[in-house]
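The values are calculated or read from the model by the stated rules, or taken from the named source; none is laboratory data. None of the values given here were measured: they were computed from a predicted structure. Please note: Cβ atoms are built from the backbone with ideal geometry, for glycine as well, and neighbour counts cover all protein chains shown. These area figures cover heavy atoms from the full protein model, side chains too; ligands, DNA and RNA do not enter into them. Shrake-Rupley method; radii C 1.70, N 1.55, O 1.52, S 1.80 Å.
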Amino acid sequence: MNIRLPHDYADELLRLAVPHEDVDGVLASAPEPGTEAWEVLERCVSALVSTMGDPEADPGPLLDPPHPYFYTHVYAATAPFTRAYHRERGVPADVSWATLADLGRHMAIHRARYGTGGVHAPWWHRLAYRGLLFDLGRLQFERVRLRERTARAVRAAGVEFGQDDLALSVHIPRFRGPFTPEACDAAFERAKAFFPEHFPERRHDVAICDSWLLDDQLAEYLTEESNIVRFQRRFHQEFKREEDGGVVEFVFGRTLPVDEMPRRTTLERAVGDHLRAGRTWHGTVGWLSLK
């Protein structure tokens, strides 16, 4: 396997939406072939490439990065293999680049949250760079094996779902503006056409979402016309779990004590006031049929 960093590395970083203020730091930290850091990079890239396109394969544990920008190098070196896989599947170039550019988005999240360069949630990008997740507008869709508990609920509702069928896990990326019903409708319609065309060997007739955004307690604070309430009502709720930390980080950008949570927006007031009242937010799993 010919693993290398792009010869036009600075241009490639910009194509991957790496923030301009991080480009020099990434270039300066690039590992050299023959070094221990390069050997670690090769192992990481090989694990991704060897499990390309397989939602049931395990690329192994994430390795400790020797440098904050290390996983930028890993994903930049993997990108040519991912793009080749996309081409084999007939994935349009604009979808391919939009999908891979999620790397830059998470570098922006890292800087906004911690004030330093790095890759936020480096494990997350395994999904896109293994050819499992695609950016289709306002939403991202990941090919997944459905949990049996949810599969039973889907079948019980009368929706056909076979043993070998896959589901689409729905994700809402940051820094993409409001997720309006119209934008979400367009993304779901693209998904309905995209996966049968590019992955015809498996059915993807059910979408799931696992998020605090589906917690129906939000409807106590938000209007019927809010984007969040309208989004969550697309789904049949399946089960809940306590997830305060996730909610706080997503809404405020970092973990905060309850008494320090700002009240600048309706959502910030809702999240903080709910917790100040001694109540709990729940991560919720929901599903919908794409037929």
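Listed here are the residues, each with its yes/no results for (1) modelled with pLDDT under 95; (2) over 19 Å from the mean Cα position of the chain (by Cα).
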position: Tyr9; (1), (2): no, yes
position: Arg15; (1), (2): no, no
position: Glu36; (1), (2): yes, yes
position: Ser46; (1), (2): no, yes
position: Gly53; (1), (2): no, no
position: Ala57; (1), (2): no, no
position: Gly90; (1), (2): no, yes
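Considering (1) open to solvent by 20 Å² or more (accessible area, probe 1.4 Å); (2) over 24 Å from Arg176 (Cα atoms); (3) modelled with pLDDT of 90 or more, say which one His274 fails and leave the rest.
(1)
For segment 1-43, give me each residue that is open to solvent by 50 Å² or more (accessible area, probe 1.4 Å) and either closer than 18 Å to Ala98 by Cα or among the polar types (S, T, N, Q) (or both).
Asn2, Asp11, Leu14, Arg15, His20, Thr35
Can you tell me which residue within segment 106-145, out of those that are of a type in the set (Lys, Arg) and surrounded by 19 or more Cβ atoms within 10 Å (Cβ to Cβ), is farthest from Ala193 (Cα to Cα)?
Per the stated criteria, the residue is Arg126.
Based on this model, can you work out whether Thr116 counts as within 20 Å of Leu27 (Cβ to Cβ) and in contact (Cβ under 8 Å) with a residue 12 or more places away in the chain?
Against the criterion (within 20 Å of Leu27 (Cβ to Cβ) and in contact (Cβ under 8 Å) with a residue 12 or more places away in the chain), Thr116 qualifies.
Failed condition for Met1, given (1) within 30 Å of Asp164 (Cβ to Cβ); (2) in a helix (DSSP H, G or I), with all others met?
(2)
So, in segment 221-266, how many residues would count as being among the charged types (D, E, K, R), over 23 Å from Arg176 (Cβ atoms) and touching a residue at least 24 places away in the same chain (Cβ under 8 Å)? Let's see the steps before the verdict.
Residues of segment 221-266 among the charged types (D, E, K, R): 224-225, 230, 233-234, 238, 240-244, 249, 254, 259-260, 263-264.
Filter once more, keeping what is over 23 Å from Arg176 (Cβ atoms): 224, 238, 240-242, 244, 259-260, 263.
If we keep only those that are touching a residue at least 24 places away in the same chain (Cβ under 8 Å) as well, we get 238, 240-242, 244.
Going through segment 221-266 one residue at a time, the tally reaches 5.
Check whether at least one residue in segment 132-149 is assigned to a helix (DSSP H, G or I) and either under 20 Å from Ser211 (Cβ atoms) or more than 18 Å from the chain's Cα centre (by Cα) (or both), and report yes or no.
Within segment 132-149 (the criterion being assigned to a helix (DSSP H, G or I) and either under 20 Å from Ser211 (Cβ atoms) or more than 18 Å from the chain's Cα centre (by Cα) (or both)), the answer is yes, since at least one residue qualifies.
Just checking, how many residues over segment 227-249 are of a type in the set (Phe, Trp, Tyr) and either part of a helix (DSSP H, G or I) or in contact with a Pro (Cβ under 8 Å, 6 or more places away or on another chain) (or both)?
Going residue by residue through segment 227-249, those that are of a type in the set (Phe, Trp, Tyr) are 231, 235, 239.
Remaining after also requiring either part of a helix (DSSP H, G or I) or in contact with a Pro (Cβ under 8 Å, 6 or more places away or on another chain) (or both): 231.
Total meeting the criteria: 1.
Looking for whichever is in a loop (DSSP other than H, G, I, E, B) and either exposed (fewer than 14 other Cβ atoms within 10 Å of the Cβ) or touching a strand residue (DSSP E or B) at 6+ places or on another chain (Cβ under 9 Å) (or both) here; the options are Glu189, Glu182, Glu224. Which one fits?
Going through Glu189, Glu182, Glu224 in turn, the sole match is Glu224.
Test each condition in (1) under 19 Å from the mean Cα position of the chain (by Cα); (2) over 26 Å from Thr280 (Cβ atoms) for Gly246 and report the one that comes out false.
Result: Gly246 fails condition (2) only.
Give segment 68-90 a look and list any residue that's in a loop (DSSP other than H, G, I, E, B), under 17 Å from Trp123 (Cβ atoms) and touching a His at 6+ places or on another chain (Cβ under 9 Å), or say none.
Result: Pro68, single match.
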